[in-house]
Amino acid sequence: MDINIIENTENPQSDESEYEEIAHTAAEVLQLMEEAWLNEKFAPEILPHKYDIVECLLGQVSHVEENLSNVHNDDLRRSLHQMELDRLRYLVSSYLRLRLEKIERFVYFILKQEEERSQKGEENYLNDNELNFAKCYGQSLDQHFTDQLQFWPGNIPAEWKNQLIVPNIYSYVFMKAKNEIEGVMINHVNEEEEVVDLKTGSQILISYNNVGHLIRNNQSCLI
Amino acid sequence: MFGENACSLIRELDRNRGSLPPYNNEILGEVEKEICHLIQQNEADDFEAHEDSRVGEAVDYTATIRTRHAIIQRNLRCLLAYHYNRLRCLRTMRWEFGSILPPDIKANLSHSETNWFSKYSSMLATYMRSIGDDGGVNLTIDLNPPKALYIEVKCLVDYGQYELSDGSLVLLKESNRYFLPRAECEDLIRQGVFQHIVN
């Protein structure tokens, strides 16, 4: 078995079009996944999904698993690779779990946002499967609450639906700039504004609402 | 006093964080009765007010009606909070115990909560099946970052034979120690069959 299988490149065909269809080596994919995971972990709101990376990594995992099944049980390489696989699997499932948790917590808010996005023709943040899950979850909550209020004389009140649970986008996050960013506006409580320039690799503790767009368009990452 | 029962529901939630106390039918019934009662009174007062205004007498009911309305809203909010937080707790248990709940927890659920749980289980399963190309990913394992491939566990009950994923059989006996692959143990640790021995 090739011991360096995880380092092998994949998808050699693909052009450098505007969409990020650039070929990544497996190591790069891993790095992207780690970054996506950390961003998702620390951002208070849900971020655009990275299912292409997830699927790529899962493909790699099952590929290596297949190769491993040919290796004898007592081989040292097997346990080394197995450990690495477990780590990868943890990474992916933790990422997906974090997203699910956010979807559940802010379900009505996220559904509303997604609807607005698709009306405006923007790309959805949720993948189709996640969207299905979110819809089912929202409906089941609706159903449960309506069931509980059956005793109500007259019309069952529905005002609670207007009180959405929203993520606190003013929470503070540690951010690291990936390239030079100029003119980050920082809004202070007393309506004052401050402009900061960030150098590549510099780190800053900042309120998420000021830098959310930088995370989403991949100019910086959370740490 | 009005609103006290609803408040005690919330206090009950707060006392039992992370666990699921029995569904409090009794107090919920009281709160529901209180709400119905207040709504009836408000309607009656509303009717009176209309009557009075026709006759020309001016008794002001606004303050009482508003107060009652505020109590109703507060009770409603407490009711919903109670149910919502129980669902959140139930949801956590889905992740901990899998789709089959231990009987002692099941006994604490209301009928509609049991329904919700099976609905949640099935939507989660549908979602997990849909990830990736080949048959999905089980997100309920690998809950903690892996540190070592094998872990040492102590068996707490006489479990009998257990088949590992590579097909070999292990006989699990009470108070024996085993050195097994972590992935195989996770489920059994959560079920309380194994205890993880941390050095």
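The values are calculated or read from the model by the stated rules, or taken from the named source; none is laboratory data. No experiment lies behind these values; they were computed from the predicted model shown. For neighbour counting, all protein chains shown are included, and Cβ atoms are generated from backbone atoms with ideal geometry for every residue, glycine included.
Out of the range A:144-184, which residues are within 30 Å of B:LYS33 (Cα to Cα), assigned to a loop (DSSP other than H, G, I, E, B) and touching a residue at least 24 places away in the same chain (Cβ under 8 Å)? Correct list: A:LEU164, A:ILE165. If you filter the range A:66-80 down to residues that are in a helix (DSSP H, G or I) and free of Cβ contacts under 8 Å to residues at least 40 places away in the same chain, you find that the one that is farthest from the chain's Cα centre (by Cα) is A:LEU76.
The condition (being of a type in the set (A, V, I, L, M, F, W, C), within 28 Å of the chain's Cα centre (by Cα) and assigned to a helix (DSSP H, G or I)) is satisfied by just one residue among B:LEU20, B:LEU76: B:LEU76. Against the definition (aliphatic (A, V, I, L, M), under 28 Å from the mean Cα position of the chain (by Cα) and closer than 30 Å to B:GLU26 by Cα), how does B:LEU156 come out, yes or no? No.
Looking only at the range A:194-208, residues that are under 20 Å from A:SER171 (Cβ atoms) and either of a type outside the set (Phe, Trp, Tyr) or assigned to a strand (DSSP E or B) (or both) come to 8 in all. Filtering B:ILE141, B:ILE105, B:ILE151 for residues that are assigned to a loop (DSSP other than H, G, I, E, B), touching a helix residue (DSSP H, G or I) at 6+ places or on another chain (Cβ under 9 Å) and on the phi < 0 side of the Ramachandran plot leaves a single hit, B:ILE141.
For the range B:68-96, enumerate the residues that are away from chain A (no Cβ under 13 Å) and surrounded by 15 or more Cβ atoms within 10 Å (Cβ to Cβ). Within the range B:68-96, B:ARG68, B:ILE71, B:MET93 meet the criteria. Residues that are within 10 Å of another protein chain (Cβ to nearest Cβ) and crowded, with 18+ Cβ neighbours inside 10 Å within the range A:100-109 comprise A:LEU100, A:ILE103, A:GLU104, listed in sequence order. Out of (1) in the same structural domain as B:MET93 (by TED's automatic domain parsing); (2) more than 27 Å from A:LEU98 (Cα to Cα); (3) out of contact with any Leu (no Cβ under 9 Å at 6 or more places or on another chain), what's the single condition that is false for B:LYS154? With respect to (1) in the same structural domain as B:MET93 (by TED's automatic domain parsing); (2) more than 27 Å from A:LEU98 (Cα to Cα); (3) out of contact with any Leu (no Cβ under 9 Å at 6 or more places or on another chain), B:LYS154 is out only on (1). In the condition set (1) within 10 Å of another protein chain (Cβ to nearest Cβ); (2) not in a loop (DSSP other than H, G, I, E, B), A:LYS112 is compliant with all but (1).
Take the range B:108-120 and flag every residue that is outside any loop (DSSP other than H, G, I, E, B) and surrounded by 15 or more Cβ atoms within 10 Å (Cβ to Cβ). If the condition is that a residue be outside any loop (DSSP other than H, G, I, E, B) and surrounded by 15 or more Cβ atoms within 10 Å (Cβ to Cβ), then B:SER112, B:GLU113, B:ASN115, B:TRP116, B:PHE117, B:LYS119, B:TYR120 are the ones that fit. Flag set for B:LEU180, criterion: in contact with a strand residue (DSSP E or B) (Cβ under 8 Å, 6 or more places away or on another chain), outside any helix (DSSP H, G or I) and without any contact (Cβ under 8 Å) to a residue 40 or more places away in the chain.
Residues considered: B:ILE65, B:ILE27, B:ILE39. Of these, the only one that is crowded, with 17+ Cβ neighbours inside 10 Å and either within 14 Å of chain A (Cβ to nearest Cβ) or over 30 Å from B:LEU143 (Cα atoms) (or both) is B:ILE65.
Yes/no matrix, rows are residues, columns are (1) farther than 15 Å from A:PHE151 by Cβ; (2) in the same structural domain as B:SER110 (by TED's automatic domain parsing); (3) in contact (Cβ under 8 Å) with a residue 60 or more places away in the chain:
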position	(1), (2), (3)
B:GLY18	yes, yes, yes
B:GLU34	no, yes, no
B:GLU51	yes, yes, no
B:ALA70	yes, yes, no
B:CYS78	no, yes, yes
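Considering only residues that are surrounded by 14 or more Cβ atoms within 10 Å (Cβ to Cβ) and in a strand (DSSP E or B), look in the range B:155-177 and name the one that is nearest to the other protein chains (Cβ to nearest Cβ). Step by step, filter the range B:155-177, then rank; the result is B:VAL170.
Can we say B:ASN108 is within 30 Å of B:LEU143 (Cα to Cα), more than 10 Å from every other protein chain (Cβ to nearest Cβ) and modelled with pLDDT of 85 or more?
When the stated conditions are applied, B:ASN108 passes them.
Residue-level analysis places B:MET123 among those that are in contact with a Cys (Cβ under 7 Å, 6 or more places away or on another chain) and either in a helix (DSSP H, G or I) or surrounded by fewer than 14 Cβ atoms within 10 Å (Cβ to Cβ) (or both).
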